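The values are calculated or read from the model by the stated rules, or taken from the named source; none is laboratory data. Remember, predicted model here, so these are calculated numbers, not experimental data. No Cβ is skipped: glycine too gets one built from the backbone with ideal geometry, and neighbour counts run over all protein chains shown. We work out accessible area using only protein heavy atoms, side chains counted, and drop any ligands, DNA or RNA first. Shrake-Rupley method; radii C 1.70, N 1.55, O 1.52, S 1.80 Å.
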Amino acid sequence: MEFKETLHPESGELKNRIVTYWSKRSHDFGCQREKEQVSETGEAWLNEILQHLPAGKSLNILDVGCGTGMFSLMLSKLGHTTTGIDLTNHMILHAKELAKKQHSSARFFCMDAERPDFPDETFDVVLTRNLTWTLPHPEQAYKEWFRVLKKGGILLNFDADYGHDSCNKDASSLPPTHAHCTMAREMLQECEDIKEQLSISKNVRPTWDAALLNQIGYQNVCTDTQISSRIYKHCDEFYNPTPMFLICAHKL
């Protein structure tokens with residue numbers, strides 16, 4: 001099935017500001033994710049995902065807010081059909097370049113995570129990492145992901161309560177190659193300013209997310225707040241100083 005590459009008109013100035021922010025970060029972000037993919041941390045991420053997927057099946061997976069496509073590329077190598085979408089065109093361009101470089105079958109489209117342009121019940125898995133904290137309308141996104149999931153499908157959302165943490169905190173304990181050390185001060189402040197405008201930043205997560213998913217109709221909703229200890233074994237350039245969580249939910 002062929003999907004259209006569609007970027008819907010943006011719903012206001014805030015989304016445009018978010019896209020501009022990530023466009024500026026896309027090159028360095030892409031370089032870091034390319035290195036992370038083949039690192040110990042990348043292997044840990046893959047193992048974390050696979051333990052939630054049915055073994056021995058080729059799955060149709062949607063990687064929402066894929067950035068430069070790390071998860072899509074890794075899972076396509078295992079025989080899964082992967083489609084990555086991101087609102088930032090610069091990220092998608094980098095993802096397509098990496099897919100070509102790695103001879104990957106993963107496909108990438110510039111598309112809004114809150115309005116994915118796919119038919120109902122298309123995917124076995126909807127997967128996302130570090131996305132929902134950036135969304136102006138996360139409730140709409142969760143509903144749309146439920147729509148595009150097949151019956152029996154799985155949502156895996158890896159995120160953190162970034163709204164209650166700060167990019168501007170002391171980074172002296174982080175390695176000099178870490179993003180928090182290499183980003184310009186104005187970019188760090190821009191991230192903080194954007195978070196202040198996002199309603200999700202005011203919620204206690206993942207408790208808020210789990211309650212919303214149950215309300216929408218997801219089943220077997222569970223949260224795991226210990227994943228950082230399993231993924232980030234070292235304080236290196238891939239290390240995330242904000243504790244991450246996993247929300248796993250099903251469409252029955």
Looking only at segment 109-156, which residues are open to solvent by less than 20 Å² (accessible area, probe 1.4 Å), over 16 Å from the mean Cα position of the chain (by Cα) and among the small types (Gly, Ala, Ser)? Gly153
Failed condition for His94, given (1) open to solvent by less than 40 Å² (accessible area, probe 1.4 Å); (2) under 15 Å from Gly67 (Cβ atoms): (1)
Pairs please, first residue from segment 214-228 and under 20 Å from Lys143 (Cβ atoms), second anywhere and open to solvent by 40 Å² or more (accessible area, probe 1.4 Å) and in a helix (DSSP H, G or I), Cβ atoms under 6 Å, 6+ apart in sequence or on different chains. Ile216/Lys143; Ile216/Phe146; Val221/Asn214
Considering only segment 57-72, I want to know if a residue exists there that is modelled with pLDDT of 95 or more, open to solvent by 30 Å² or more (accessible area, probe 1.4 Å), assigned to a loop (DSSP other than H, G, I, E, B) and under 25 Å from Arg147 (Cβ atoms). yes
In this structure, is Thr41 surrounded by 21 or more Cβ atoms within 10 Å (Cβ to Cβ) and touching a Lys or Arg at 6+ places or on another chain (Cβ under 8 Å)? no
Starting from residues that are open to solvent by 10 Å² or more (accessible area, probe 1.4 Å) and out of contact with any helix residue (DSSP H, G or I) (no Cβ under 9 Å at 6 or more places or on another chain), keep the ones in segment 237-252 and report whichever is farthest from Pro176 (Cα to Cα). Leu252
Give segment 204-222 a look and list any residue that's surrounded by 18 or more Cβ atoms within 10 Å (Cβ to Cβ) and within 19 Å of Thr242 (Cα to Cα), or say none. Arg205, Pro206, Asp209
Residue pairs, Cβ under 8 Å, 6 or more apart or interchain, first in segment 167-182 and without any contact (Cβ under 8 Å) to a residue 40 or more places away in the chain, second open to solvent by 80 Å² or more (accessible area, probe 1.4 Å) and not charged (D, E, K, R). List them. Pro176/Thr182
Only one of (1) under 20 Å from Glu36 (Cα atoms); (2) modelled with pLDDT of 95 or more does not apply to Thr182, and that is (2)
